[in-house]
Ligand SMILES: Cc1cc2nc3c(=O)[nH]c(=O)nc-3n(C[C@H](O)[C@H](O)[C@H](O)COP(=O)(O)OP(=O)(O)OC[C@H]3O[C@@H](n4cnc5c(N)ncnc54)[C@H](O)[C@@H]3O)c2cc1C
C-alpha cells in the first residue's frame, strides 16, 4: 500500500480532516488539483462562524454549533484572528417576528446558550447606530468572525509538520475499488490505499469491482446569487455586530465587520446585482453607505444544500463529504472530528506519541509595537522593507510565507497568507514586487509566476529587454 488514507481535494474540510488524522500513526496524503489549499475561500479574508441558532436544518445546526466551539479553540491555539462579536437578526413585521420567535425556541430546544429575544430598547443599547425601526431581534452572543484562510492553512501546516503529504497539481481521475482498498489514479500517478476520504465537490467516478460506473451528480441545492460589497475603512454609522435583515422571501442582507476593520455586506438576491441597487439595499441597514465607500464588489453562487458525511461504503473503506453550504467553513472541524472517529475505529489506528500540536511562529509587523518590530528588523532587515503599503506587509513576511511548510507558490497564496494585495489599491502597488519575490525565492522566471491556477499567468512575456520586469 502507498498510503493508509488518501484525502481527495484540498479544501477546508480536507485540511481539517488531515489535521485530525495526523494525530494517529497513519500514512496519509492529501491530493489537490491546484497549487494551494482552500482555494474556495479566496475572495474574502473574513468568514462568519455561525452557532446554529438561525439554521432550520437540525443536522446543519448541530454541526455549526459543535464547529463554532472547535474553531474558537483552534484559533486560540494557532494564533488565528478570531473575534466573537455577536449577531442580531432583526424583525420589522409580524411574519419575521414569528420566525425569530420560532428560531429562539428551537435554539433553546437545541441547547444553544447565549441566545435571547430582545426588544427595541435592548437593540438600541447593543447597536446604537442602527436605524430606529426594529421592534425585536434574535440576539446571539456566540457568532464570530475569523480569517478563514488562516484557519485552513494552520490545519494544513500542522498536518504537514506531522507527516501528512500534500500533493498539489494532481488531479484525481478515477477511484477504483480493489480487493484490499482502492486504486486512485491521478493525472500523474497511481496510488494504492486502504481508505479514501473524498471531499471533491463535483462529480467523480467510482469504479466498483463489478465495473459499474457510478456518477455522483452535482449538488442540486437552491442556487441564488450572493453579492458581496466591501467597504474601505470605517463607514459613518458602521455597526459592531453581524446584522441580518430579511427583505422578502428571496432577498436578505447581512452586514458584518471584517477582521481588518472594514465592513462586508452580503446580499442574497435572485439575480445579478449591480452596485447601485446593491447600495440601495445596503442603505436599509447602513443608511450612510455611499458608492465612494465601496472598495470592491464580488458575486458568488448562494448554496444551501445539506452537507452529509456519506459513510454508506465505510465497510469497504470509503467516505464522501457531499453538499455545498454557506456555513461549511463553520462545520468543517465538526465534520473532521466525526470522520476521524469513524475511520480510527475502522482502521484500529493508534495515537502518535510524537504529535506536535503547534504552528510554526510568524511575525506580523502591522500588529507589533514599534519596539518589537525594530527588534525583528535588527535580526532581519527584510522585515523593515514594506512591500504592501496599504496593509503594512514587509518583505520578511512574504519570504516567510513562501518558505514555510506548504508555502505560497502563487500571487493569491501570498495574498491569503499575508494580506498583501488585500488593501485599497488592490495590489496595483505591490503585485510586481510580490511576483519578483516569488520568482526569486522559487528560482523561477517571473513569466512563470501565476495568480492562482495553472493557466493564470500574469505576465505573458517581455516587450523590451529589461533585466527586470
Ligand atoms: C465567498 C464565500 C464566502 C463564504 N463564507 C462563509 C462564511 O462566512 N462562513 C462559513 O462557515 N462558510 C463560508 N463559506 C463556505 C465555505 O468557505 C466553503 O463552503 C468551504 O470552503 C468549502 O470547503 P470544501 O473543503 O468542502 O470544498 P472546496 O473548498 O471546494 O474544496 C474542494 C477541493 O477539491 C479540489 N478538487 C476538485 N476536483 C478535484 C480533483 N479531481 N482532484 C483533486 N482535487 C480536486 C478543488 O480544487 C478544491 O480545492 C463561504 C464560501 C464562499 C465561496
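For the reader, a short list of remarks on this structure follows.
- Filtered residue count, segment 325-360, keeping only those that are out of contact with any strand residue (DSSP E or B) (no Cβ under 8 Å at 6 or more places or on another chain) and more than 16 Å from the ligand (Cβ to nearest atom): 11
- Applying the condition of being within 16 Å of the ligand (Cβ to nearest atom) and surrounded by fewer than 20 Cβ atoms within 10 Å (Cβ to Cβ) to segment 226-247 and asking which residue is farthest from residue 270 (Cα to Cα) yields 228.
- Here residue 67 fulfils each of the conditions (1) assigned to a helix (DSSP H, G or I); (2) within 11 Å of the ligand (Cβ to nearest atom); (3) over 17 Å from residue 242 (Cβ atoms) apart from (3).
- Selection status of residue 222, touching a strand residue (DSSP E or B) at 6+ places or on another chain (Cβ under 6 Å), surrounded by fewer than 22 Cβ atoms within 10 Å (Cβ to Cβ) and modelled with pLDDT under 85: yes
- Residues (under 18 Å from residue 77 (Cβ atoms) and in contact with a helix residue (DSSP H, G or I) (Cβ under 6 Å, 6 or more places away or on another chain)) located in segment 357-380: 359, 362
- Restricting attention to segment 3-14, the residues that are touching a helix residue (DSSP H, G or I) at 6+ places or on another chain (Cβ under 9 Å) and assigned to a loop (DSSP other than H, G, I, E, B) total 2.
- Consider segment 131-149 and keep the residues that are modelled with pLDDT of 95 or more, within 16 Å of the ligand (Cβ to nearest atom) and not in a strand (DSSP E or B). The one that is surrounded by the most Cβ atoms within 10 Å (Cβ to Cβ) is 143.
- Residue in segment 453-467 that is within 23 Å of residue 298 (Cβ to Cβ), part of a helix (DSSP H, G or I) and modelled with pLDDT of 90 or more present: no
- Summed over segment 140-156, residues that are closer than 20 Å to residue 65 by Cα, more than 10 Å from the chain's Cα centre (by Cα) and in contact (Cβ under 8 Å) with a residue 60 or more places away in the chain total 6.
- Set 37, 49, 17, 30: member being within 14 Å of the ligand (Cβ to nearest atom), more than 18 Å from residue 413 (Cβ to Cβ), in the same structural domain as residue 338 (by TED's automatic domain parsing) and in contact with a helix residue (DSSP H, G or I) (Cβ under 7 Å, 6 or more places away or on another chain): 17
- Members of segment 300-338 that are at pLDDT below 85 and more than 15 Å from residue 57 (Cα to Cα): 300, 301, 302
- The set of residues from segment 4-14 being more than 8 Å from the ligand (Cβ to nearest atom) and either surrounded by fewer than 23 Cβ atoms within 10 Å (Cβ to Cβ) or more than 13 Å from residue 196 (Cα to Cα) (or both) comprises just one member, 4.
- Candidate set: segment 362-394, residues that are under 25 Å from the mean Cα position of the chain (by Cα) and assigned to a helix (DSSP H, G or I); chosen: the one surrounded by the most Cβ atoms within 10 Å (Cβ to Cβ): 365
- Residue within segment 294-313 that is assigned by TED's automatic domain parsing to the domain that holds residue 200, more than 25 Å from the chain's Cα centre (by Cα) and farther than 27 Å from residue 415 by Cβ present: yes
- Considering residues of segment 408-428 that are in a helix (DSSP H, G or I) and in contact with a strand residue (DSSP E or B) (Cβ under 8 Å, 6 or more places away or on another chain) only, the residue farthest from residue 359 (Cα to Cα): 411
- Residue match in segment 109-116 (condition: over 23 Å from the mean Cα position of the chain (by Cα), in a helix (DSSP H, G or I) and surrounded by fewer than 20 Cβ atoms within 10 Å (Cβ to Cβ)): yes
- The strands (runs of 3 or more DSSP E) found entirely in segment 225-278 that carry 2 or more residues being over 24 Å from the mean Cα position of the chain (by Cα) are 242-248.
- Condition check for residue 416: under 30 Å from residue 305 (Cα atoms), assigned by TED's automatic domain parsing to the domain that holds residue 177, within 16 Å of the ligand (Cβ to nearest atom) and surrounded by 15 or more Cβ atoms within 10 Å (Cβ to Cβ): no
The values are calculated or read from the model by the stated rules, or taken from the named source; none is laboratory data. None of the values given here were measured: they were computed from a predicted structure. Every residue, glycine as well, gets a Cβ built from its backbone with ideal geometry; the counts of neighbours run over all protein chains shown.
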